[in-house]
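Reviewing the structure listed below.
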Amino acid sequence: MRRAIASSLRADQLGVALDLARRHRIDVNLLFDQDSEQFLMQLPLLVRQVDDVERLNVFIAAIRVPEEAAVANSILGGLQEALLAADGTR
C-alpha cells in the first residue's frame, strides 16, 4: 500500500494519497516523509483536491512530529496559507 501512496504522490494526486493512508490506517506523516520539500510546495494542491474540511481536519490532527516542532509548524503554516488563498477563490 505504501507503493500506491508513493505513486499517488508522484502523480500529484495528494487527495488520493491521503485517502489511501486514512483508509488503510497508515500514518499520514508518510505523505510528508516521502519528499518533505515537494509536499510543502504542494499543500495548495492538497487543499484543492481535498474539498472536505473534515478530511483536512483529520489530516491536521494526525500530524505529529514531536522531535521536530519546526516541521509540524511548516506543514501547518503551509496549510494555513493554502486555505486562505483557496478561500479567496471559492
Pairs, please: C-beta under 6 Å, at least 6 apart or cross-chain, first residue under 12 Å from Ala4 (Cα atoms) and in the range 19-35, second part of a loop (DSSP other than H, G, I, E, B)?
Ala21/Val28; His24/Met1
In the range 18-52, which residues are of a type in the set (A, V, I, L, M) and within 16 Å of Ile75 (Cα to Cα)?
Leu18, Val28, Leu30, Leu31, Leu40, Met41, Leu43, Leu45, Leu46, Val47, Val50
Which numbered condition Ala86 fails, given (1) surrounded by 12 or more Cβ atoms within 10 Å (Cβ to Cβ); (2) free of Cβ contacts under 8 Å to residues at least 40 places away in the same chain; (3) small (Gly, Ala, Ser):
(2)
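Where a number appears in this text, it was derived from the coordinates with a stated rule and is not lab data. Note that this is a predicted model, so its numbers are computed, not measured. Every residue, glycine among them, receives a Cβ derived from its backbone with ideal geometry; neighbour counts consider all protein chains shown.
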